[in-house]
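Working notes for the structure below.
We did not get these values from a lab; they are worked out from the coordinates using the rules stated. Keep in mind that what you see is a predicted model, and the values were worked out from it rather than measured. Counting neighbours? That spans all protein chains shown, and the Cβs are built from the backbone with ideal geometry, glycine included.
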Amino acid sequence: MAQITMREAISQALWEEMERDPKVFILGEEVGVWGGTYAVTKGFYDHFGPERVRDTPIAESAIVGAAIGAALTGLRPVAELMTINFAFVAMDHIVNEAAKLHYMFGGQMKLPLVIRTVGGGGRQLGATHSQVPDAIFAHFPGLKVVAPGTPADAKGMLKEAIRSDDPILFIEEATLYQVRGEVPEGDYTIPIGKSTIARPGRDVTIVTYSKEVDNSFKAAQKLAEEGIEVEIVDLRSLRPLDMDPVIESFKKTNRAVIVEEGWMSYGVGSEVAARIYETAFDYVDAPVKRVAQKEVPLPYNRTLEAMALPQVEDIVNAVREVL
Amino acid sequence: MADIVAMPKLGFDMAEGMLVRWVIAEGQRVQKGAVLAEIETDKATVEVESTFSGVVFKHLVTQGTSVPVGKPIAVITAEGESVDPSLWETGSSEGAPKGTQKPPETKPGVQASPEAPLSPAGSTSTPPIDQLEIKASPLAKKIAREQQVDLARLVGSGPEGRIIRRDVEAALKTLQLSPAVSKGKGTLPAKSASAAPALVFRAAPIPGDEIVPLNRLRGAISRRMTESKQQVPHFYITRDYQVDDLLDLREQWNEVAGEENHLSINDFIVKAAALSLRQFPNINASLVEGGIKRHGHVNIGVAVAIPGGLLTVVCRDVDQKSLPAIGSEIRVMAARARDGKVRPEDIEGSTFSISNLGMYDVENFAAIINPPEVAILAVGSAREVPSIIAEELAITRMMKITISADHRVTDGAEAAQFMQLLGDYLNMPLGLLTLV
């Protein structure tokens, strides 16, 4: 298998799907001539042309609104929001239109829409540009929310998302674009709404997704040196949330640490912990522990920013605490 | 006036005790003599009675804490009374400080403990319920429920003393190790023992090594037995006793005497040993500074198997008591020991011990002396064996008893004579049963 970066994996997925299906097109800020803010769509404009790679005004509401309209008429738009922080501007289109049209009109129309966007902190972009509001979007029934943590998952899930007839928010993580990983050759997809055991272990279950999969692997490596074998479950998809591998793992280890990059309150960790308690109460041998961002607007200062974001050491400590 | 309850000294060698459980929560009323808390010493879990009546104002130690003897553990006040924290904060650790003897000094700016607000007199306060519950993980509770393990008897190793899976599993292991049969005619109480382990012939997966931490009782047994075996020069004498008459008499007695007066074989041996010891004061003794202390009282310790170890319950002045009284006392104390509710006086002050494994179909064994005693009897099973009586082959019921004795104090001839006399008493079971 080839080792490629997350950026290359996402780029390949888009390219392959656009080659495969002429109905697929891209729209967003700087996606065309510039090649994408994170260079994901570099070369697309020259190859596919301005019809299928459309630069838009700086108006997220318009981007999502146009994409919804295109999807309703049978195209397969991939809208790019430069960061998830700007998705708030398009909130009504995302949660009131995209998430509900199929339902409110009795299933008369499908909405094959993918909104690609980028979240996460750690790049000194300040409090308004570094957020991880994944849980907010995952709150709404009707909208699928996925956030892969490896290049292989990113490629397979993006291809699956583009082929899906449902509106899907596809959340990428800016600091993961350079991360390399093995990606299968050829055409493949990965189902949306399936969690996976990313690393087998026996002592503690770490439940995580996106960037924190990478941090959890680093923590697992440190802990393995002490003889502690953690099992990592990568959720990959926040809605639908597949708890089966989590519960299966928890029944084996009886203890869990949930790691997310966003804030703890009302977060992914809260949801996963609640479901563990609801379905596996008799298997609980220690309180479930959450590792998350400190409850402050993310500081700009590099040192303070690092202190506010979950670090590998935080995960290691949390695992020790539940043992 | 507030009263302070201190960690009691529950045994002559007790330096500290682990407060296992508060029975009366803060804010609840307590009567003098009511059980206030449970304390685990080296030997057992013991109930501590309140020495005062009033309201439990404050627990000074949390559950699962080891506390030196004499250190204050709780404050008891009159209802509605407020107390200055300096009362216990300055309490000395040598003796048991008593509030009534030490008027509380008023410290400016220091108020009664904020986390234990007193309800106004007359109003009812709700005790925090969780203090009365056992802190255990749901998984530990589930395993305990399935395997019928009493969580109240476990000490948690999890955060904040929580009982977690490994604690229950460790307890289960210990239970499985303790032998478990109740079918024998023997006398070791076997009520607590579970069914004998099932036979497993097929190869099972090889489990990993594991370390089971020593609980206090195990630790105490380990320490004392090592000391004894290393420091006391043991010698052993085994003798065979014909017990046909004893067994017949016991059977008749148990048929007519009623459940509460049932006698075990061991009860007869306890009584016979006590009478024998009266005539062998050197064996009812302890080696002390300057000589051999021959004890006036004959207090016989009877080993009782309990989960995770054993305790020796002590029947006092056995030579002064009737056999049914002896049997009843031992039965009651053994039950308390198995339930983890043994009282300090149940296990203190023995001058001689008897260990009986007769119920496990054991031919013979040798016991380790229980210091500072000088000897211990190890009693095997009564077995039907071929014997020659009056030049005829006959079937008789025989029982082997081995004495382990301290050679610093006594010698083989003396111990052998003691064993002979013991046999003479066992040959006269009617005398043991009827005469006091």
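Between residue A:321 and residue B:297, what is the label-point separation in nm under the 7 Å Cα-to-beta-carbon projection?
Roughly 5.3 nm, to one decimal.
First obtain the Kirkwood hydrodynamic radius of the protein assembly as shown from its Cα pairs, then insert it into the Stokes-Einstein equation at 4 °C and 1.567 mPa s, and state the resulting D in µm² per second as a whole number.
Result for D is 40 µm²/s.
Would you calculate a helix-derived [θ] at 222 nm for chain A, using -39,500 (n - 2.57) for each DSSP H run of n ≥ 4 and dividing by the full residue count, to the nearest 500? Before the final figure, lay out each step's value.
Working: 11 runs with 110 residues, N = 323.
Value at 222 nm, helices only, nearest 500: -10000 deg cm²/dmol.
Count, for each residue of A:278-287, the Cβ atoms from other chains sitting within 10 Å of its Cβ, then give me the mean as a whole number.
Partner Cβ neighbours, averaged per residue: 5.
Using a Förster distance of 51 Å, how high is the FRET efficiency between residue A:187 and residue B:238, based on the Cβ-Cβ distance and rounded to 0.05? Walk me through the numbers on the way to the answer.
Numbers: r = 84 Å, r/R0 = 1.65.
About 0.05, to the nearest 0.05.
In this model, which of A:218/A:252; A:100/A:251; B:293/B:321; A:289/B:173 are farther than 26 Å apart at the alpha-carbon?
A:100/A:251; A:289/B:173
Sort B:400-406, B:229-235, A:32-38 for me by packing, meaning the mean count of neighbouring Cβ atoms within 10 Å per residue, highest on top.
Ranking, from highest mean packing down: B:400-406, A:32-38, B:229-235.
What value does the stretch B:217-434 have for Rg/Rh, both radii from Cα atoms and Rh as Kirkwood defines it?
Answer for the stretch B:217-434: 0.96.
Report the rotationally averaged projected area of the stretch B:191-314 based on its alpha-carbon convex hull, in square nanometres.
Average of the hull's projected areas for the stretch B:191-314 equals 13.5 nm².
Starting from the 7 Å offset along Cα-to-Cβ, what nm value, one decimal, do you get for the label separation of residue B:394 and residue A:2?
10.0
Going Cα to Cα from residue A:222, which aspartates and glutamates come in below 16 Å? Please leave out same-chain ones fewer than 8 positions away.
Result set, ordered by chain and number: A:203, A:212, A:214, A:231, A:313, A:314, A:321.
As an exercise, use a Förster radius of 35 Å and the Cβ-Cβ distance of residue A:127 and residue A:178 to find the FRET efficiency, rounded to the nearest 0.05.
0.90
Given Cα pairs under 8 Å that are at least 6 residues apart, what percent is the relative contact order of the stretch B:3-87? The partial results should precede the final answer.
On the way: 191 pairs, mean separation 30.8, N = 85.
With pairs under 8 Å counted, the relative contact order is 36 percent.
What's the exposure ranking of A:165, A:242, B:209, going from fewest to most Cβ atoms within 10 Å?
Neighbour counts put them in this order, fewest first: B:209, A:165, A:242.
Can you tell me how chain A classifies by the Cα gyration tensor, rounded, prolate or oblate, using a/c under 1.5 as the rounded cut?
prolate
Taking every pair of alpha-carbon atoms in the stretch B:3-87, give the share separated by more than 22 Å as a whole percent.
Across the stretch B:3-87, Cα pairs with separations above 22 Å total 20 percent.
Provide the gained length on full extension for the span residue B:31 to residue B:289, in nm with one decimal, where the gain is 0.36 nm per separating residue minus the Cα-Cα distance.
88.5 nm
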